[in-house]
Amino acid sequence: MDQEKKKTATKYLVLDDLLDHVGRYVSGDQLASDLGVSRESVWKAIKTLQKEGHRIVSKKKTGYAYLSSDHVSEQVVQKYLGKLSQGQQAFDVIRVFDEVGSTQTYAKDYLAKHPGQNPSIFTARTMGAGYGRRGRAFFAPKDRGLYISLSLPVNPEKPMIASLLTTSAAAVIAQVLEETFPGLNVQLKWVNDLIVKGHKVGGIITEAVFDMERQQYNALVLGFFVNILPADYPEEIQQKAMAVLDDPSTTIDLNFLLARLTLALIDMNNGYQDGTFLADYRKRSFLIGQRVSIQVGQEILSGEVTGISNQAGLELLLDNGEKKTLYAGEVTKVKLYENLNL
C-alpha cells in the first residue's frame, strides 16, 4: 500500500474507533494499539479529520474524543445507523454527495436501474437543483440543513396511499425534531410543510419509481429537507423561510439527526396506512379553523378548513356552503394572510 492510501486508511480506522466511544476519551496509545499503527500516525490522522470538519477534542494524558461533525459524512451516518438500529436495519445504498443537482432526481434514476429489497439513503451537503411539490425549486445552503431522499421498499401486500404517507412522514419528522431540540414547537401546513414560528423550515415530497416492463413499482422515494441552521436566504424567500435554530454557531450533529429521522421514517412506513399518525398531524395543523384561499387548477376556492379526513384530505367548507375534500396534488397555493404565502 502506498503512503497516501495508508494515510487515508488510517484516517478512516481512527474515526471508526472514536465513533465507538462518542463523547468519551480514548488514549493515543490505545488507538495505536487497536489499529496497529504508530502514535504519530494516529496524531496525523486526528489532525486531518479535524481539518475536514470532524469535532475531535484532545486532553493531555487522556486522549481524544469525537463530539460531532460540521457536515454529513457517509462513514459517520453508517455508524450511527448501525448503533441506533442495533445492526437490525439493512440498507442497499447509503450515498453522501458533497454536492448534487437533486438527491430526488438521482435517487429515482438510480432506483429505476437498481431496484432493491431494502431502504436506501441519498443525501448531500448542498444541492444545486433541489425541488419540491409541483417542481418548485428550493434553496439548499451547504452544511446548514439536511437534504435527503429516502427510498422505501414497496410492500405488495399493503396499499400505497400517497396522502397518508406524506402527512405521516411530516408528523414523524416533527416529532423527531421536537425530541432533538427541547422547547421547539413544529406545526404542519397541509400537506407537506414544516412550520416553526410562522415560517417554513422544511418540506416533503413523495414520488414513486415505476417499472414499465414489469408493470410494478420499484420503490417509493420520500424526499425531504429541513433547514437546521440559519443561512443567508435569497430575498424572494426571506419573508417565509427560516431555520429550526436561531443561533448560526450552534453545534449540532447532523449525522445523528439524519440517522434518527431515516430510521423513524422507515418504521413509519411499516404501518402508516392505518392512520396511526393522523391524530398527531391534526393536532399540529394550523389550518384547521382558518379561512383560506386555495388555488385548484385555474379555480380559486375560498372557505374555512374544518378538518383533516381519514385519508389525510383537507376538509373545506366553501363560502357557498358546499363541503369539499382536497387531496395531495390538487392544491397549488394556500394563502393564510395577505402578507404571508407559505
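The values are calculated or read from the model by the stated rules, or taken from the named source; none is laboratory data. Quantities reported herein were computed from a predicted structural model and do not represent experimental measurements. Using ideal geometry, Cβ is built from the backbone for each residue, glycine included, and neighbour counts are taken over all protein chains shown. Quick note on the areas: whole protein, heavy atoms, side chains included, nothing else; ligands and nucleic acids left out. Shrake-Rupley method; radii C 1.70, N 1.55, O 1.52, S 1.80 Å.
The table below gives the values:
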{"read-out": "Qualifying position, being open to solvent by 50 Å² or more (accessible area, probe 1.4 Å) and at pLDDT below 75, among Asn341, Asn320", "value": "Asn341"}
{"read-out": "Meets criteria (modelled with pLDDT of 90 or more, in contact with a Leu (Cβ under 6 Å, 6 or more places away or on another chain), open to solvent by 10 Å² or more (accessible area, probe 1.4 Å) and charged (D, E, K, R)) for Glu304", "value": "yes"}
{"read-out": "Residue count, region 96-111 (criterion: in a helix (DSSP H, G or I), over 15 Å from the mean Cα position of the chain (by Cα) and buried (at least 17 other Cβ atoms within 10 Å of the Cβ))", "value": "5"}
{"read-out": "Residue that is surrounded by the most Cβ atoms within 10 Å (Cβ to Cβ) [pool: residues in region 6-43 that are farther than 18 Å from Glu74 by Cα and touching a Ser or Thr at 6+ places or on another chain (Cβ under 8 Å)]", "value": "Val42"}
{"read-out": "Wholly within region 273-324, strands (runs of 3 or more DSSP E) carrying at least 2 residues that are in contact with a strand residue (DSSP E or B) (Cβ under 7 Å, 6 or more places away or on another chain) and under 21 Å from Gln175 (Cα atoms)", "value": "299-308"}
{"read-out": "Residues satisfying the stated conditions in region 1-28, i.e. of a type in the set (Asp, Glu), assigned to a helix (DSSP H, G or I) and modelled with pLDDT of 95 or more", "value": "Asp16, Asp17"}
{"read-out": "Pair list, Cβ under 9 Å, 6 or more apart: region 37-63 residue closer than 22 Å to Asp98 by Cβ and in a helix (DSSP H, G or I), other residue open to solvent by 60 Å² or more (accessible area, probe 1.4 Å) and among the basic types (Lys, Arg)", "value": "Ala45/Lys7; Thr48/Lys7"}
{"read-out": "Selection from region 71-95 of residues that are open to solvent by 20 Å² or more (accessible area, probe 1.4 Å), farther than 21 Å from Asp17 by Cα and either free of Cβ contacts under 8 Å to residues at least 12 places away in the same chain or not in a loop (DSSP other than H, G, I, E, B) (or both)", "value": "Arg95"}
{"read-out": "Considering residues of region 203-225 that are closer than 24 Å to Phe256 by Cβ and out of contact with any helix residue (DSSP H, G or I) (no Cβ under 7 Å at 6 or more places or on another chain) only, the residue least open to solvent (accessible area, probe 1.4 Å)", "value": "Gly203"}
{"read-out": "Filtered residues of region 147-198 (kept if closer than 23 Å to Val93 by Cα, open to solvent by 30 Å² or more (accessible area, probe 1.4 Å) and among the β-branched types (Val, Ile, Thr))", "value": "Val154"}
{"read-out": "Answer residue from region 235-247, given it is assigned to a loop (DSSP other than H, G, I, E, B) and free of Cβ contacts under 8 Å to residues at least 40 places away in the same chain and is surrounded by the fewest Cβ atoms within 10 Å (Cβ to Cβ) among those", "value": "Asp247"}
{"read-out": "Flag if Gly53 is open to solvent by less than 60 Å² (accessible area, probe 1.4 Å) and at positive phi", "value": "yes"}
{"read-out": "Hits in region 187-201 (condition: over 19 Å from Leu314 (Cβ atoms) and under 15 Å from the mean Cα position of the chain (by Cα))", "value": "Val201"}
{"read-out": "Residue that is modelled with the highest pLDDT, among those in region 325-338 that are open to solvent by 80 Å² or more (accessible area, probe 1.4 Å) and in a strand (DSSP E or B)", "value": "Lys333"}
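Residue-by-condition table, conditions (1) assigned to a loop (DSSP other than H, G, I, E, B); (2) polar (S, T, N, Q); (3) under 13 Å from the mean Cα position of the chain (by Cα):
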position: Ile204; (1), (2), (3): no, no, yes
position: Tyr233; (1), (2), (3): yes, no, no
position: Thr250; (1), (2), (3): yes, yes, no
position: Ala259; (1), (2), (3): no, no, yes
